[in-house]
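**Student:** This is the structure, below, for whatever I ask next.
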Amino acid sequence: MAEEVLSNLMSEGRSFPPSEEFAAGANATAALYDDAASDREGFWAEQAGHLNWATPWEQVLDWSDAPFAKWFTGGRLNVAYNCVDRHVEDGHGDQVAIHWVGEPGDSRDITYAELLAEVSRAANALSSLGLVAGDRVAIQLPMVPEAIIAMLACARLGLTHSVVFGGFSPAALRSRVEDAAARVVITSDGQYRRGKAAPMKENVDEALEGLAGVEKVVVVRRTGTDVPWTEGRDLWWHDLVGAQSAEHTAEAFDAEHPLFILYTSGTTGRPKGILHTSGGYLTQASYTHRVVFDHRPGEDVYWCTADIGWITGHTYIVYGPLANRATQVVYEGTPNTPNEGRHWEIVERYGVSIYYTAPTLIRTFMKWGAHIPASFDLSSLRLLGSVGEPINPEAWLWYRENIGRGTTPIVDTWWQTETGAIMISPLPGVTAAKPGSAQRALPGIGARVVDDSGTEVAKGSGGYLVLDRPWPAMLRGIWGDPERFRDTYWSRFADRGFYFAGDGAKYDTDGDIWLLGRVDDVMNVSGHRISTTEVESALVSHPTVAEAAVVGASDPTTGQAIVAFVIARGGAAGVDGDRSAAVAALREHVAKEIGPIAKPRQILIVPELPKTRSGKIMRRLLRDVAENREVGDVTTLADSSVMELISSGLRPGA
Ligand code: ATP
Ligand code: MG
């Protein structure tokens, strides 16, 4: 008899079918599921056919060397040509590709024709440095157009880029440059962060000190900050790139040519250098952007708020949207600079129709208050998306009500750095959406919830999320570490050949998938395996709570006990006053929402939660605090002082 892996505590009955009007015009239809089911390789071949191939492929999938996949073998294409040139050749050179908005208020519109000229110049510049296909280039840049141009220039030349988030420390940059053996680093003098210019080149210099192998550092001028300069090594982007010809002929590369290396967020441990290649990746990036966001070239104005340093920025700012000839907003700064209405002002100004962000930001908007978006005209929005963490039903409803006028579809998209593109999501116009559920594997993708032995669990039960067949945008490995690749993803269910995602999930009684957080984070209370997500969602559904993180801490009687860390909603009554009464009310609320077993032993009201730079809560650090251990690796934490704040609140008597 299969063991139940996760208790299924919450139930959510609300469902939001698409409007008839939306369904009638949608890119996706229910038939896609059938097409993909009846001929999966044929289905992916059809999706790949949306791209321009210099040489057609011979075989759609070669899985003979599993878990190392090859897609579209023998096929050749140029990724940058597909993202830029072909749109210009098709007569869309005057269409705006990027509405760029700088944090201090400067802005720049870049058409596809201009983008082609810039990418061509940058490609000529990188060639002039002696770089050849297969070389690695590290990019640490703020959200400026040059970041996208640099990535596309690499893709155009077959150089493998490794983008490092602009906020990362010299140590984090150094280890990534070293790991990839990058020959060139592209950076900027400084970056704007919350209204101030902070140095960047200086950090890069520190990162590269004594490091052999980096031949050139190319510096984009952004803030005008003074920079240290190494003669012979450092070059200004505007000097180097500005002097080049705007003509460059793109050469085609093998479908399996390495496109980029990108490190995971480090939420659960040491980051992994994930390798992605060209043809399959671009196929799935383009397909998912078209069907999940219902994107229409030339009509929509699309905005993904991610940073270029994360996989979401790679797939849904650079490769997917540009392959699909999107007009998109790219914003440089933070959402509360100069004020908390910044995003909505941008939506109003550019008529943004598709908006894609993370639950952490949605909960922040909730905390700031609904009156802020209410004072802007958001009527251009027709579709909203979420990615990065499970979205609590309460946050989903708030998003739809206050940003989506109570009418727009919301797509809750589950995927990972490793998957390269969206895997599980509702299809707008097809799926009746359920707040808090990512629902169903996309057509062409196979996902299941299984128990310890790899057997699929019944409807209404929880377990491990696995991907049961290869997909075009899948990682091709961990850079330089094939053993870690096998161990991390393929050893857990080796006999079944499943990819182990590391996330817990459940099926509801309709068979829809709900993500329940990291398997590493699952709590075991008196023999019940309880997900962090469900308890957090119950807490967030209380009107005084803006954000919550829960962990299991060892407990002499129950094995583990639930410890919750809670941030109060701005000005919420009850929390600022009598803490013990507020805490008692929250414990009762959880008991009522999901049952007495899930009642936290301890609830701590804290000012902040530890998050990765991509906004994910790092529960492993909270578990260290709850169990009085020394706090583990914090190198990918957005703000390292947060742990100090939290620990001080937890000392006896607090
Ligand atoms: P590391 O693997 O180094 O711990 P990470 O897993 O945080 O880092 P990412 O690849 O950025 O790095 O994040 C992928 C993870 O984000 C998924 O495994 C899942 O836990 C979470 N996630 C992403 N989207 C969703 C979603 N829509 N619903 C639930 N969880 C999501
Ligand atoms: Mg991960």
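**Student:** Report every pair of residues separated by at least 6 positions or lying on different chains whose Cβ atoms are under 7 Å apart, first residue within the stretch 297-326 and polar (S, T, N, Q), second open to solvent by 10 Å² or more (accessible area, probe 1.4 Å) and in a loop (DSSP other than H, G, I, E, B).
**Tutor:** Final answer for the pair search is T312/A306; N324/P297.
**Student:** A further question on this structure: Can you confirm whether the stretch 257-272 contains a residue that is away from ligand 2 (no atom under 16 Å from the Cβ), open to solvent by 10 Å² or more (accessible area, probe 1.4 Å) and within 23 Å of P67 (Cβ to Cβ)?
**Tutor:** Within the stretch 257-272, one or more residues are away from ligand 2 (no atom under 16 Å from the Cβ), open to solvent by 10 Å² or more (accessible area, probe 1.4 Å) and within 23 Å of P67 (Cβ to Cβ).
**Student:** Another one. I need the full set of residues from the stretch 2-36 which are closer than 30 Å to Q59 by Cβ and without any contact (Cβ under 8 Å) to a residue 60 or more places away in the chain, in order please.
**Tutor:** A31, D34
**Student:** Give, as residue ranges, the strands (runs of 3 or more DSSP E) completely inside the stretch 54-106 that count at least 2 residues that are open to solvent by less than 10 Å² (accessible area, probe 1.4 Å).
**Tutor:** Output list reads 70-73, 96-101.
**Student:** Take T337 and decide whether it is open to solvent by 10 Å² or more (accessible area, probe 1.4 Å), more than 16 Å from ligand 2 (Cβ to nearest atom) and not in a loop (DSSP other than H, G, I, E, B).
**Tutor:** Judged against the criteria, T337 is not a match.
**Student:** From H289, H314, H295, H343, which residue is within 16 Å of ligand 2 (Cβ to nearest atom), open to solvent by less than 10 Å² (accessible area, probe 1.4 Å) and over 28 Å from V631 (Cβ atoms)?
**Tutor:** Residue meeting the stated conditions: H314.
**Student:** Just checking, which of I513, I567, I530 is of a type in the set (A, V, I, L, M, F, W, C), crowded, with 24+ Cβ neighbours inside 10 Å and touching a residue at least 12 places away in the same chain (Cβ under 8 Å)?
**Tutor:** Unique residue meeting the criteria: I530.
**Student:** Still on this structure, please answer the following. What is the residue count in the stretch 591-616 for residues that are in contact with a strand residue (DSSP E or B) (Cβ under 8 Å, 6 or more places away or on another chain), part of a helix (DSSP H, G or I) and buried (at least 19 other Cβ atoms within 10 Å of the Cβ)?
**Tutor:** Total satisfying the criteria: 1.
**Student:** Then there's this: For the stretch 483-510, which residues satisfy the criterion of being open to solvent by 60 Å² or more (accessible area, probe 1.4 Å), away from ligand 2 (no atom under 15 Å from the Cβ) and either outside any helix (DSSP H, G or I) or without any contact (Cβ under 8 Å) to a residue 12 or more places away in the chain (or both)?
**Tutor:** The answer is E483, S491, A494, D495, R496, T509, D510.
**Student:** Moving on. Given the structure, is L381 away from ligand 1 (no atom under 16 Å from the Cβ), part of a loop (DSSP other than H, G, I, E, B), hydrophobic (A, V, I, L, M, F, W, C) and open to solvent by less than 10 Å² (accessible area, probe 1.4 Å)?
**Tutor:** Against the criterion (away from ligand 1 (no atom under 16 Å from the Cβ), part of a loop (DSSP other than H, G, I, E, B), hydrophobic (A, V, I, L, M, F, W, C) and open to solvent by less than 10 Å² (accessible area, probe 1.4 Å)), L381 qualifies.
**Student:** Go through the stretch 618-644 residue by residue and tally those that are surrounded by 18 or more Cβ atoms within 10 Å (Cβ to Cβ) and in a helix (DSSP H, G or I).
**Tutor:** Total satisfying the criteria: 10.
The values are calculated or read from the model by the stated rules, or taken from the named source; none is laboratory data. Predicted, not measured: the structure shown is a model, and the values here were computed from it. Cβ sites come from the backbone with ideal geometry, for glycine too, and all protein chains shown count toward neighbours. Note: accessible area is taken over every heavy atom of the protein model, side chains too, but ligands, DNA and RNA are not part of it. Shrake-Rupley method; radii C 1.70, N 1.55, O 1.52, S 1.80 Å.
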